[in-house]
Amino acid sequence: MSTLQAILQPGALTSQLFPITSRYHGIGTATLENREGKTVVYLRRRFVPPPERFALLQEHVVSQSERLDNIVAQYFGDPEQFWKLCDANRAMHPDDLTKVIGRRLRITLPEDIPGMQNA
């Protein structure tokens, strides 16, 4: 059995396939039997947490010609972490975050990590 075939077996996929930096880390899998009787393994739905669960560190004001990947790299050190900014700002479409010049973006701690009070 090939590696791909092994991964596609029911119950084979786990959250360990996704690194801790992935938005899918910790999301489980499920199975579904289709009309032909074949079992399909799929990733469960990820629910975006409410922004209130993120402690605000600071705000970033979007300037003209600014790109999301550069903003994210500035604050998180990795442009692929754009989804963290999307979650913290209730954005379903990443490009919406930089469409409006002057928009204030919330730069936050990860979900459920409390910020310092009166800092």
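Rule-based calculations on the coordinates, nothing more; no lab input. Note that the structure is a prediction, hence the values are computed from the model and not measured. Neighbour counts are summed over all protein chains in view; Cβ atoms, including those assigned to glycine, are modelled from backbone coordinates with ideal geometry.
Taking other Cβ atoms within 10 Å as a rough exposure proxy, ASP112, ASP78, ASP69, ASP87 sort from fewest to most as ASP112, ASP78, ASP69, ASP87.
About its Cα centre, region 51-108 has a charge dipole of approximately 220 debye under the convention of +1 per Lys or Arg Cβ and -1 per Asp or Glu Cβ, with nothing else charged.
Of the peptides 45-54, 97-106, the ranking by mean beta-carbon count within 10 Å, highest at the top, reads 97-106, 45-54. With the gyration tensor restricted to C-alpha atoms of region 51-108, the semi-axes of the equivalent ellipsoid amount to 15, 13, 11 Å, longest first.
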